[in-house]
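Where a number appears in this text, it was derived from the coordinates with a stated rule and is not lab data. Just so it is clear, the structure is predicted and the values come from calculations on it, not from any experiment. Glycine gets a Cβ as well: all are built from the backbone with ideal geometry, and neighbour counts include every protein chain shown.
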Amino acid sequence: MHIAILGATGLVGREMVKTLEERDFPLDSLSLLASERSAGQFVDYKDEPKIVEMTTSESFDGVDLVLSSAGGSVSTEWLPVAVEAGAVCVDNTSAFRMDPKVPLVIPEVNANALKSHKGIIANPNCSTIQMVMALEPLHKEAGLKRVVVSTYQSVSGKGKSAVEELERETVNLLNTTSYERTVFPHQIAFNCLPDIDDPTVDGYTKEEQKMMDETRKIMGLPDLAITATCVRVPVFFGHAEAVFAEFDSPVSVERAKDVLDAFPGVRVVDQLEDHVYPIQTMAADRDDVYVGRIRPDRSVTNGLALWVVSDNIRKGAALNSVQIAEQLLQDGLL
Ligand SMILES: NC(=O)c1ccc[n+]([C@@H]2O[C@H](COP(=O)([O-])OP(=O)(O)OC[C@H]3O[C@@H](n4cnc5c(N)ncnc54)[C@H](OP(=O)(O)O)[C@@H]3O)[C@@H](O)[C@H]2O)c1
């Protein structure tokens, strides 16, 4: 098994290397690919420094599996080359997610979709993954009818430059020194920005559109009523979401807790009287999707309100991709 990581110096790429190592993914060789900017740098794998190479048309020769996270335009350019060279690609960008021929997969939810892959498998958006992980067990129980979600997304969702901008901006504001912003349209330190990805039609952003479209595709519910507001908050790692879900039939809070806790990769953390609920610092660097503040949605007949928190770089990106690769291997699809 020869694996290539495209975008190996990024937040997601580095986490992919770490995840392969932690889960002892069976591999014979690992190529670390990035742009010319970081060619020659080193990233450690199993305590050994491995050199990062610039991506070229020869980079995919002999590669069995590509884990890709270098941005949509890079995936559009290189993944067809990799597939042509015989590799199977798991892509973290939005480039292929809504292509009807490309499976969009969360292994705990729709692993079966992998069977129809034609070389490229898309990893969903980080905010979509954690929300669908919480919605799927409840949907199986009571039939999902409508979703209203507001997100509280960390800056790491926008890559390493965004993490650096929050760090520098915070330090500069506290020291009352000046700082030139390059990543966010406004001050992100001590602020919330309801503006993630580009604007689309009707006043929505692309991030909000992705959450709506991807949820329908993954859950196989093309007519699901769903609306989203996506907000960037001054948190480094981990996304939180307030989710209001309406169902066809009643589901009690106690039953919801049981089915959520029984679902692989989901953990219920919910004891408001002791101030116990999921928070980003709890979820960061962990694999699970944490759900709490589970209560009836008093505005509808069969509804629940949930608070969902997860590490956007792990289950939202690197871990989900490696789980897809493990599933492909297990099903003989690589
Ligand atoms: N962060 C998240 O929570 C998250 C979650 C899900 C999906 N994603 C998606 O994953 C992708 C990467 O995210 P990230 O957070 O890891 O970003 P990042 O930290 O900015 O890293 C970007 C990576 O892409 C590489 N790259 C950029 N241009 C390239 C080119 N022309 N050829 C080859 N490599 C190139 C960079 O290499 P250099 O070092 O050479 O610049 C770097 O390794 C994005 O599409 C993002 O939407 C991110």
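Remarks
- Applying the Karplus relation 6.51 cos²θ - 1.76 cosθ + 1.60 with θ = phi - 60° to segment 146-162 yields 3J(HN,Hα) values of 7, 9, 10, 10, 10, 9, 10, 9, 6, 5, 4, x, 9, x, 5, 5, 6 Hz, where x marks Gly and Pro.
- A Gaussian network model of the chain, with springs between Cα atoms under 10 Å, assigns the largest mean-square fluctuation among 97, 293, 314 to 293.
- Listed peptides 122-134, 202-214 appear in the order 122-134, 202-214 once ranked by packing, highest mean of other Cβ atoms within 10 Å at the front.
- Residues whose amide H lies under 5 Å from that of residue 267, counting only those 5 or more places away or on a different chain, are 289, 290, 291; hydrogens are built 1.01 Å from N in the peptide plane.
- Binned Cα-Cα distances of segment 56-207, short to long, each 10 Å bin given as a whole percent: 9, 29, 30, 22, 9, 1
- Helix-only CD estimate at 222 nm, as mean residue ellipticity for the chain, using -39500 (n - 2.57) per DSSP H run (n ≥ 4): -9000 deg cm²/dmol
- Relative intensity, log₁₀ I(q)/I(0), of the chain from a Debye sum that treats every alpha carbon as a point, q = 0.09, 0.11, 0.14, 0.15 Å⁻¹: -0.48, -0.71, -1.13, -1.28
- Unit charges at the beta carbon, dipole of the chain: most positive-side option, 292, 74, 93: 292
- Highest mean packing comes first when the peptides 151-161, 74-84, 53-63 are listed by Cβ atoms within 10 Å, giving 151-161, 74-84, 53-63.
- Think of segment 125-175 as a dipole: +1 on every Lys or Arg Cβ, -1 on every Asp or Glu Cβ, centred on the Cα centre; then among 175, 135, 156, 135 lies furthest on the positive end.
- R0 of 22 Å, Cβ-Cβ distance residue 27-residue 84: FRET efficiency to nearest 0.05: 0.50
- Annotation: amide H-H contacts under 5 Å for residue 31 (H modelled 1.01 Å from N, sequence separation of 5 or more, or interchain): 3, 4, 5.
- Taking θ as phi - 60° and the Karplus parameters 6.51, -1.76 and 1.60, the scalar couplings of segment 175-186 work out to 9, 6, 9, 8, 8, 9, 7, 10, 9, 9, x, 9 Hz in sequence order, x denoting glycine and proline.
- Gain in span if fully extended, residue 248 to residue 46, counting 0.36 nm per residue against the direct Cα distance: 67.8 nm
- Overall shape: prolate for segment 155-234, with the ratio a/c of the largest to smallest alpha carbon gyration tensor axis at 1.5 or above and a/b above b/c.
- Annotation: the antiparallel percentage among DSSP beta bridges lying fully within the chain is about 50.
- Three-way shape call for segment 188-280 based on the alpha-carbon gyration tensor, with the a/c threshold at 1.5: oblate
- Working note: Cα gyration tensor of segment 186-227, eigenvalues times five, square-rooted, sorted largest first, giving semi-axes of 26, 11, 8 Å.
- Mean separation of Cα contacts under 8 Å (6+ apart) over length of segment 23-65, as relative contact order %: 35 percent
- Taken over segment 258-330, the alpha-carbon convex hull comes to 117 cubic angstrom per residue.
- Distant-in-sequence amide H partners of residue 232 (H built 1.01 Å from N, under 5 Å): 153, 193, 195
- Most mobile of 278, 26, 137 in a GNM of the chain (Cα contacts under 10 Å): 26
- Most mobile listed residue (260, 272, 144) in the chain, GNM with C-alpha springs under 10 Å: 272
- Cβ-derived FRET efficiency at R0 41 Å, residue 286 paired with residue 57, nearest 0.05: 0.60
- Check: the chain dipole with +1 on Lys, Arg Cβ and -1 on Asp, Glu Cβ, in debye: 620 debye
- Relative to the globular-protein estimate of 2.2 N^0.38 Å, the Cα radius of gyration of segment 11-92 stands at 1.04.
- Cα centroid separation, segment 201-277 to segment 124-155 (Å): 3 Å
- Each of 179, 290 was scored by other Cβ atoms within 10 Å of its Cβ. Listed from fewest to most, they are 179, 290.
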